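A.B. asks: I am attaching a structure below and will ask some questions about it afterwards.
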Amino acid sequence: MPSDEEDYIPWIQQFCELFGHDYFVQVSQDFIEDDFNLTGLSSQVPYYREALYTILDYQVETAEDSPQDNNSIPGTANTTATTNTANTSSSKKEAKNELPNKALLAHSAELLYGLIHARYIISKQGLTAMASKFERNDFGSCPRYFCDGMHLIPVGSTDIPGQETVRLYCPCCNDIYIPSSSRYLNIDGAFFGTTFPGLLVKMFPEIENQCRIRINKFSANDFGLKLFGFKVNETSASGPRMRWLRMHPKTDEEKEEYENCEFSVPKWVSDSDMEDANDDDQEDGDDLDDDEDDEDDDDEEENDDDDKTMASE
Amino acid sequence: MADYITDSSSDFTEYWIDLFLGIKGNEYFCDIDDEYIRDRFNLTGLNQEVSKLPTLIDIITDLIDLDSQPEDQRDTLEHNARILYGLIHARYILTSRGLNKMFEKFRNGDFGYCPRINCQLHPLLPIGLNDSPRVASVKLYCAKCEDLFNPKSNRHAVIDGAYFGTSFPAMFFQNFPNAIPIHSKETYVPRVFGFKLHEYSQLNRWRHLQRMKLESRLVKSGINVSNVNGGFIEVEQRQEER
């Protein structure tokens with residue numbers, strides 16, 4: 001239970017106010033207290049129960065606490081200690097050694113909070129909270145010049161903690177970037193998750209609108225290197241070779257081509273083998289193999305996301 | 001002239017150019033040879049951009065001390081000297097010596113690195129969007145994704161793009177073809193619970209189609225694009241070109 005001090009700051013607020021933690025929103029107490037939202041986390045976080053109590057500001061017993069204090073500690077912490085002992089069926093003295101020390105516990109609590117955070121921000125309440133942060137440009141602007149300061153959205157490249165740091169997604173150029181300040185380089189990407197940006201842009205169509213305005217604004221632009229005003233030809237090694245990366249279908253022909261890309265990349269590609277060079281126009285005909293590739297990718301990721309799917313429902 | 005400089009060097013704790021390069025935010029500039037500045041041919045037309053061109057040249061090359069000038073003009077002179085230095089800089093970095101100096105800076109990452117994940121911290125090059133001063137600020141060009149980025153720091157974001165010019169990166173890569181990166185084909189598609197968002201995925205497929213068209217165009221003109229400078233990284237197992 002929270003202590004009686006007047007200037008008492010809840011753990012969650014404290015965590016979110018830490019230097020470099022300004023990407024996080026405060027997860028509501030109700031969300032954490034609902035066990036359903038925490039499904040599967042106990043196996044990912046060491047000292048799960050103690051970490052959870054830390055986040056919720058319940059009193060937690062740590063290795064630093066002396067055995068004499070044991071009696072004064074409220075029931076919650078005591079039961080934890082006993083469950084620990086029950087598992088290992090050893091004496092109370094040994095159980096003491098199994099209690100986390102403060103540093104370990106702090107780490108576990110941060111990990112647990114991060115993972116809960118990743119689930120919270122794809123719930124309705126969390127999405128709204130993150131959307132207002134997005135509006136305030138808390139995550140920074142896209143460094144790309146032609147995105148004209150589009151606000152960024154934090155994203156993880158994997159849902160498994162401890163692998164990659166947080167990245168920023170720009171819905172305008174549809175690409176991911178490294179945060180501009182090094183203070184965010186120790187924040188785990190899994191604390192935001194792979195799903196969040198996709199869900200945010202779909203939940204708030206206004207974001208896609210903003211992007212469309214920007215894309216149209218620069219649609220006439222075709223940036224390419226120029227030497228004394230002359231464009232470098234694409235057959236030169238330094239010529240424009242990456243234009244495709246930012247292209248949008250503009251002409252009717254391109255739009256039709258785009259329609260054909262609905263399920264797979266049209267088959268004509270195979271005639272880059274020179275032999276059937278004449279068949280350039282034959283753009284229909286679905287390449288089924290391509291589809292399969294995509295599905296394989298999805299399958300791999302699905303396992304990681306199972307927990308999350310449940311949490312959001 | 002050179003003798004004069006060495007003789008008078010005791011009067012100055014530091015040269016004007018060194019002082020200028022030492023100012024925070026001027027990390028993008030390289031030092032220009034005195035001879036280049038003093039060759040009036042290289043300064044053709046610059047008298048239209050700044051007034052008192054001869055005085056400014058003398059200030060930059062330390063022939064006269066700024067303190068010897070009337071006090072009320074010092075700030076203007078210093079300000080104009082900086083503009084002049086920038087404009088000469090844009091011309092100098094297109095010369096062979098200038099390009100070599102900029103290559104050194106490029107290799108050291110003095111202009112920063114591309115923030116795009118798939119570019120894997122490729123070093124950037126400064127570029128102007130316009131060759132006349134006071135039009136657009138400096139941008140950074142990434143040769144890997146061939147895109148423009150805003151400088152990270154506000155100090156750099158206010159530098160005039162004309163001090164680097166529109167031709168610089170193109171000239172740079174003409175001169176150092178080995179510095180042209182192999183482009184990455186990787187793209188990002190947002191996923192929800194592991195599933196790609198259809199609309200984005202479709203656009204992504206269309207873009208890949210455009211890339212394949214480009215590749216086949218290039219191959220037809222007899223240009224190799226697989227794993228060469230200016231080409232694309234070919235991932236072995238990916239059966240993309242079927």
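A.B. asks: Return the distance in nm (one decimal) between the two label points of a simple spin-label model at A:Glu259 and B:Leu21, each offset 7 Å from Cα along Cα→Cβ.
C.D. replies: Those two pseudo-labels are separated by 6.0 nm.
A.B. asks: Quick one: compute a quarter of the convex hull surface over the Cα atoms of region B:1-136 and quote it in nm².
C.D. replies: 9.8 nm²
A.B. asks: Also, I was wondering about something else. How do A:114-126, B:126-138, B:155-167 rank on mean C-beta neighbours within 10 Å, highest first?
C.D. replies: Highest to lowest by the protection proxy: A:114-126, B:155-167, B:126-138.
A.B. asks: Moving to a separate point now. With the contact rule set at Cα under 8 Å and sequence spacing of 6 or more, what percent relative contact order holds for region B:183-241?
C.D. replies: That works out to 32 percent.
A.B. asks: Using helices alone, what [θ] at 222 nm do you get for chain B, with -39,500 (n - 2.57) per DSSP H run of 4 or more residues, divided over all residues and rounded to the nearest 500?
C.D. replies: The per-residue figure over chain B is -12000 deg cm²/dmol.
A.B. asks: Below 8 Å, C-alpha to C-alpha, sequence gap of six or more: please give me the relative contact order for chain B in percent.
C.D. replies: 13 percent
A.B. asks: Would you mind giving the mean number of other chain beta-carbons within 10 Å of the Cβ of each residue in B:136-142, as a whole number?
C.D. replies: The mean count of partner-chain Cβ atoms within 10 Å per residue comes to 2.
A.B. asks: In addition: Cα convex hull of region B:183-241: mean projected area in nm², to one decimal?
C.D. replies: Result: 4.5 nm².
A.B. asks: How big is chain B by Rg and Dmax over its Cα atoms, in Å?
C.D. replies: Radius of gyration, then largest Cα-Cα span, for chain B: 22.8, 74 Å.
A.B. asks: Just give me a number: lysine pairs in chain B, eight or more positions apart or cross-chain, with C-alpha atoms less than 30 Å apart.
C.D. replies: 28
A.B. asks: Average partner chain C-beta neighbours within 10 Å, per residue of B:198-206?
C.D. replies: Mean shielding count: 6.
A.B. asks: What does the average come to when, for each residue of peptide A:182-189, you count the partner chain Cβ atoms lying within 10 Å of its Cβ?
C.D. replies: Mean shielding count: 0.
A.B. asks: Could I ask something else about it? Hey, for a label at B:Asn154 modelled as a point 7 Å past Cα toward Cβ, could you say which residues of region B:17-35 have their backbone N under 20 Å away?
C.D. replies: Of the residues in region B:17-35, B:23-28 have backbone N under 20 Å from the label point off B:Asn154.
A.B. asks: Follow-up. Rank by packing, highest mean first: peptides B:44-51, B:93-100, with packing defined as the count of other Cβ atoms within 10 Å averaged across residues.
C.D. replies: Final packing ranking: B:93-100, B:44-51.
A.B. asks: Using Cα-Cα distances under 8 Å and only pairs 6 or more residues apart, what relative contact order does region A:110-189 have, in percent?
C.D. replies: Reported as a whole number, the value is 20 percent.
A.B. asks: Continuing with the same structure: If packing is taken as the mean number of other Cβ atoms within 10 Å per residue, what is the order of B:81-89, B:225-233, highest first?
C.D. replies: In decreasing order of mean packing, B:81-89, B:225-233 become B:81-89, B:225-233.
All of the numbers you see were taken from the coordinates with simple rules; none came from a lab. Because the structure is a prediction, the values reported are computed rather than measured. No Cβ is skipped: glycine too gets one built from the backbone with ideal geometry, and neighbour counts run over all protein chains shown.
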